[in-house]
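Okay, structure first, notes after.
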Amino acid sequence: MGAPKKHLSLHQECKVETPPPNGRRRVIIKNVTPELEGGRYPVKRIIGDTVKVEADIFTDGHDALTGVVRYRKETSLPQDTTPLAVEWQETYLEPLGNDRWHSAFQVDQTGRYQYAISAWVDPFKTWRRDLVLRLEAGQDIGVDLLVGARLIKEAASRASAEDASKLLNWADTLGVRGSIENAVKATQDEDLWLLMQQYSSREHATAFDKNLAVVVDEKNAQYSTWYEMFPRSQWTGDRRKHGTFKDCEDRLAIVAALGFDVLYLPPIHPIGRTHRKGKNNSTTALPGESGSPWAIGADEGGHTATLPELGTLDDFRSLVNKSAEYGIKIALDLAFQCSPDHPYVKEYPEFFRRRPDGQVQYAENPPKKYEDIYPFDFESAQWSKLWQELLNVVNFWIAQGVRIFRVDNPHTKPFPFWEWLITKVKHQHPDIIFLAEAFTRPKVMYHLAKLGFTQSYTYFCWRNTKWELTEYFTELTRTEVAEFFRPNLWPNTPDILTEYLQAGGRPAFMIRLALSATLGASYGIYGPAYELCENRPRESGSEEYLDSEKYEIKHWDIDHPRSLKDFITRINRIRRENPALHSNSRLQFHDVDNDQLLCYSKSSDDLTNVVLIVVNLDPFHSQAGWTSLQLEALGIRPDQGYQAEDILTGARYLWRGPRNYLEINPATMPVQIFRLRRHLRTERQFDYYM
């Protein structure tokens, strides 16, 4: 027989759990929006926006709840210090039904805000609700009034002297010295309600388990119109063979007249000579060939120097200042890579990876080789020193007046680096914009945006069909993606000449420009090449331009009759004059019974500006169809007439109902842009439109 069983006491058998710090916190807060990955990343807004916050908030039983959204602005401090935040402000939560609550606050400064949610069981709100029910049922409320008086006195103990005096007077009214009629009237007093909210006990309040963040940018972070040009190709006259910053100044009036407010310049630094690329990306450059601007660095300097042929730093600052006079900001290319001749290669050899033969490893994307470029080694033992040096580069150009950076291939550098650099920069300069040139996998693109990139390139270039465009832009504007990803749409770049543009002729260029300028609040074009409908690929099946400007100086005949400058100017004027096109938040697609016709609208939040766009996606043939408009999204009643003014051509139409006939010939004008005005009637029955 085995040993007898040992009997344990109840205390010994049951493990005693430590109770929670405050078991009287009964409120649950869940499913907060907006919230990115549990609050790990901030959402994005622009100055003047209203941040709308929602959450599921509930408790056990039937007690009433009160809750607030708390928010505050972080204060920027000198570099390498943690930002402080001012005192919290509050706005009360209101019920939406089914335990869903909402509130909002406005952000009126650039920088970073924090917001949080707190909610608690509210005895006074519960008491007042139940009192009304008892009165409606004809029940005696004498004792209930005494309970209310006690709750008011408790609130008075937490109030200022002036407010406490008011509360005690109300308590007396509800107490034994007041009449039932006066007491009931007092319970409905709005001033009493506001004071009881203000001094409600939050001793057992539940706070959401984290503070969330929102980054607030200037308006041009959301709405901007970019024009890309190579400074070295801006030469004028018959003798000049290399453009200068001064030549760029001479082009500013033209760029401004076209309607662009951002002038993006590819790298302006000295270009390496070792393994310099020749015409059409030839691996051998002929004497006098200029090479790729992205092969940065030579004896004349590196990332903080200018190519001598372009001019001096003083000349560049002059360009920045002159641009501002035209309402244009300069965007500078930020390409963190070096030519073999870059001063860093000798000064900081630890910044680069070595091959077994001792040579620095050049850039590769097998089978492609980029022997004119050395990538930085972000896994170097000196990575921290490298990070600081690259931050110094950014700060240098900020000091020269640059406020916008187009970042070349950010997905090929470590994510922690970008989060660190952008956070550092924007703590000191919250107006700085970083555009991510990241044509890469969707999750990588979105992650870069969460890390802090202000705007991002997209897959728009390769979305051509009605289904593709509808699905993609629904994802960008109607899902959580809209909280952090700001698309900047480019129909072409120096690297990308799509098959659609190669084959579709002039109408294709007009179609893609209209789509990019109206689907997105921010868009850009690779300048003269787009104006002149340049569509010659280097070879069949390639998206590279023949005689690409990346490798040679070009002369563009911008006054050529085939130029789209008049069409571009009209489109950009329409963008400026219609606030509906300054945001992506109210993009709405509408059905048309023809797969070659894409119909969508944008509207201002108050529906005072409503724009309806219809694009023929077929650059070769006329297309016709009947719309099926979602009138509610347009602010129009089903029985209400409305005017559709084609603001490209000036034509006006009177429409009624959702079905309207459209026919678009791409040979004349492949897009119709309507400004809708609702049909109203005055007391004297005079018709007019709004």
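The packing ranking of peptides 514-527, 539-552, 248-261, 358-371, highest mean first, is 514-527, 248-261, 539-552, 358-371, where packing means the average number of other beta carbon atoms within 10 angstrom of each residue. What share of the DSSP beta bridges in the chain is antiparallel, in percent to the nearest 5? Rounded to the nearest five, the antiparallel share is 75 percent. Counting protein heavy atoms only, the range 495-540 has 46 percent of its accessible area on carbon and sulfur, 1.4 angstrom probe. Between Phe230, Ser628, Gln114, the Cα set farthest toward the positive side of the dipole of the chain (charges on each charged residue's Cβ, about the Cα centre) is that of Gln114. Taking amide H as placed 1.01 Å from N in the peptide plane, the amide H of Arg406 sits under 5 Å from that of Leu332, Asp333, Leu334, Leu435, each at least 5 places away or on another chain. Using a cut-off of 11 Å between beta-carbons, work out the net charge of the residues near Tyr526 (Lys and Arg +1, Asp and Glu -1, Tyr526 not included). So the surrounding residues net to -4. Amide H contacts for Leu648 (H built 1.01 Å from N in the peptide plane; partners 5 or more residues away or on another chain; cut-off under 5 Å): Ile673. For the pair Asp60 and Lys369 in one chain, pulling the backbone fully straight at 0.36 nm per residue adds 104.7 nm over the alpha carbon distance. Mean projection of the Cα convex hull over all viewing directions, computed for the chain: 50.2 nm².
Accessible area per residue for the chain is 47 Å², calculated with a 1.4 Å probe on protein heavy atoms, without ligands, DNA or RNA.
Pairs to check: Lys44/Lys426; Lys219/Lys246; Lys246/Lys346; Lys246/Lys329. Give those whose C-alpha atoms are more than 21 Å from each other in this structure. Violating the 21 Å Cα-Cα cut-off are Lys219/Lys246; Lys246/Lys346. Over the range 473-580, the reciprocal of the mean inverse Cα-Cα separation, the Kirkwood hydrodynamic radius, stands at 15.1 Å. To check you understand DSSP bridge types, tell me what percent of the beta bridges within the range 249-381 (both residues inside) are antiparallel, rounded to 5. Beta bridges within the range 249-381, antiparallel portion: roughly 70 percent.
Which is farthest toward the positive dipole end of the range 173-313 among Thr206, Leu194, Pro270, measuring Cα position about the Cα centre, with Cβ charges +1 (Lys, Arg) and -1 (Asp, Glu)? Going by the Cα projections, it comes out as Pro270. Other residues whose C-beta falls under 15 angstrom from the C-beta of Arg24 contribute a net charge of -1, scoring Lys and Arg +1 and Asp and Glu -1. Computed on the range 543-690, the Cα convex hull volume stands at 156 Å³ per residue. Pairs of C-alpha atoms in the range 597-667 farther apart than 16 Å represent 52 percent of all such pairs. Directionally averaged projected area (the range 519-565, Cα convex hull): 4.6 nm². Dimensions of the range 284-437 along the principal axes, based on C-alpha atoms and rounded to the nearest Å, stand at 53, 41, 29, largest first. Only helices enter the 222 nm calculation for the chain: every DSSP H run of n ≥ 4 contributes -39,500 (n - 2.57), and dividing by all residues gives -8500 deg cm²/dmol, rounded to 500.
Here the Karplus curve 6.51 cos²θ - 1.76 cosθ + 1.60, taken at θ = phi - 60°, turns the phi angles of the range 179-185 into couplings of 7, 4, 4, 5, 5, 5, 4 Hz, with x standing for Gly and Pro. Taking amide H as placed 1.01 Å from N in the peptide plane, Ile553 has its amide H under 5 Å from the amide H of Ser290, each at least 5 places away in sequence or on another chain.
Taken about its Cα centre, the range 18-167 carries a charge dipole of about 180 debye when Lys and Arg each add +1 at the Cβ and Asp and Glu each add -1 at the Cβ.
Its Cα centre serving as origin, the chain has a Cβ charge dipole (Lys and Arg +1, Asp and Glu -1) of approximately 340 debye.
Peptide packing: for 504-510, 465-471, 611-617, 643-649, the average count of neighbouring Cβ atoms within 10 Å per residue gives the ranking 611-617, 504-510, 643-649, 465-471, highest mean first.
By the equivalent-ellipsoid construction on the alpha carbon gyration tensor, the range 267-367 comes out with semi-axes of 28, 16, 13 Å, ordered largest to smallest.
The values are calculated or read from the model by the stated rules, or taken from the named source; none is laboratory data. This is a predicted model, so every value here is computed, not measured. Cβ atoms come from the backbone with ideal geometry, glycine included; neighbour counts cover every protein chain shown. Heavy atoms of the whole protein, side chains included, go into the accessibility calculation; ligands, DNA and RNA do not. Shrake-Rupley method; radii C 1.70, N 1.55, O 1.52, S 1.80 Å.
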